[in-house]
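The values are calculated or read from the model by the stated rules, or taken from the named source; none is laboratory data. Please read all numbers here as calculations on a predicted model, not as lab measurements. Reconstructed Cβ throughout: ideal geometry from the backbone, glycine too, with neighbour counts over all protein chains shown.
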Amino acid sequence: MSIESDVFRRRIPLPAELKKYGFTETPEGQVYETDLLAGAFRARITVRGALLADGSCVSGDVIDADTGESYIPLRVERQVGTFAAEVRKAYLELLEDIAERCFREQRFLAAQTERIAAAIKETYGDDPQHIFEKHPEITTFRNERTQKWYAITMDLSAGKLKTAAAAKKTEPDPLDRYDAKAEVEVMNVKAAPEKVEELVKRPGIYTAYHMNKKHWITILLDGTVPDAGILALIEDSHALISRGGAKKSGAQLVDGVWVIPSAYDEFDVAAAFAADPDLEWQQAARMQVGDTVYIYVGVPIKAIRYRCSVKAVNVPNHSGYREDKYPYVVILHLEEVYADDVMPLAKMRELGLYGVRGARRVPEQVAAYM
């Protein structure tokens, strides 16, 4: 992220206040220039109506008065010289003053998300809920009658979303406008399985990020998909999760997302994955290729340590281990390794996953958190 995006994250410019501050309108946007450090440098701040590649709407430059060129040490994070620190401090003070006087804070990263949240409130009466204390950027919208989610918003890097949606076929991809590290805001909504394949061909719509890809899609909230189109997809999602009655007890489980146990003292999962990222595992009857499988490691670890994808199913078991009971295995491909404090047993229970004694689907809260 840039210095400017760090300061102006989740802030909306106020045109009248920009004008009062001294910004002038140019073809590039609203521009303000001023001297820094007694005229040794000249700062130029530009506020645009559209997001830049780093996910912000503000760019800036500091010009060295002696050379007439951009002062490069300003952007070098490891530059520790006293003079460079003075220039950076003066520039940051200017940005923070502009942010305080000419911008207002917003709940969401993207202005489009603000509009969509307001429309959801007007249509369904639902406010965004922040259920993850450590991740306030994740918000959920749920049907109060069924207690099921129909929309989830989150921030993530453009590069991470692009990697997760590598199978996307539309060209050019709207994500190409962003730096890989730039933060973007997305919304996951539920979709009928028979529609998912066609929906993800549209610009700005992707296979679901960290949700069941058969039943959910991810929408980029940067204006690529018009508000009306997003609201129509939300209407479909709301209808899909509203078909059942009110939830009687327990958490809503996610299709295609599993958790399986591993006894720490019986099988060394870490060593197995170190030798080969593909691992044979006893097959749960309903696992399918493409499903997500988390591995919970028991005492003394007591935490979810691994995320895998199902690479193959119905593979004959020739391992020599309980072939009579488990004639078939699945092939799990290692996707990610977690620190033991990411999803310990206490957190699992807090999110509705009270124990793992065999292969089971995970609650929505756990899937979203992971």
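Scan region 240-263 and tell me whether some residue there is surrounded by fewer than 13 Cβ atoms within 10 Å (Cβ to Cβ), within 22 Å of Val330 (Cα to Cα) and over 20 Å from the mean Cα position of the chain (by Cα). The answer is yes; a qualifying residue exists.
Within region 77-93, does at least one residue satisfy the condition of being in contact with a Lys or Arg (Cβ under 7 Å, 6 or more places away or on another chain) and either buried (at least 17 other Cβ atoms within 10 Å of the Cβ) or in a loop (DSSP other than H, G, I, E, B) (or both)? No.
Within region 213-239, the set of residues being within 18 Å of Ala367 (Cβ to Cβ) and surrounded by fewer than 20 Cβ atoms within 10 Å (Cβ to Cβ) comprises Lys214, His215. Of everything in region 178-197 that is part of a strand (DSSP E or B) and of a type in the set (A, V, I, L, M, F, W, C), the residue that is farthest from Leu220 (Cα to Cα) is Val189.
Quick one: would you say Pro13 is buried (at least 19 other Cβ atoms within 10 Å of the Cβ), at pLDDT below 95 and of a type outside the set (Asp, Glu)?
Considered against the rule, which asks whether it is buried (at least 19 other Cβ atoms within 10 Å of the Cβ), at pLDDT below 95 and of a type outside the set (Asp, Glu), Pro13 comes out as yes.
Is one or more of the residues making up region 19-34 modelled with pLDDT under 95 and under 22 Å from Lys89 (Cβ atoms)? Checked against the condition, which is being modelled with pLDDT under 95 and under 22 Å from Lys89 (Cβ atoms), region 19-34 yields no hits at all. Find all pairs meeting these conditions: Cβ atoms under 8 angstrom apart; at least six residues apart or on different chains; first residue within region 72-98 and at pLDDT 95 or above; second residue polar (S, T, N, Q). Listed pairs, sorted by first residue: Leu94/Thr34.
Is it the case, given these coordinates, that Ile234 is modelled with pLDDT of 90 or more, in a helix (DSSP H, G or I) and out of contact with any Gly (no Cβ under 7 Å at 6 or more places or on another chain)? Here the answer is yes, as Ile234 does meet what is asked. Of everything in region 162-173, what is modelled with pLDDT of 80 or more and either surrounded by 20 or more Cβ atoms within 10 Å (Cβ to Cβ) or in a loop (DSSP other than H, G, I, E, B) (or both)? Give them in sequence order. Asp173, the sole residue that qualifies.
Asp61 falls short of the stated requirement of being at pLDDT below 95, under 30 Å from Leu220 (Cα atoms) and acidic (Asp, Glu).
Residue by residue through region 25-39, note down the ones that are out of contact with any Gly (no Cβ under 8 Å at 6 or more places or on another chain) and within 16 Å of Cys57 (Cα to Cα). Within region 25-39, Glu25, Thr26, Pro27, Glu28, Gln30, Val31 qualify.
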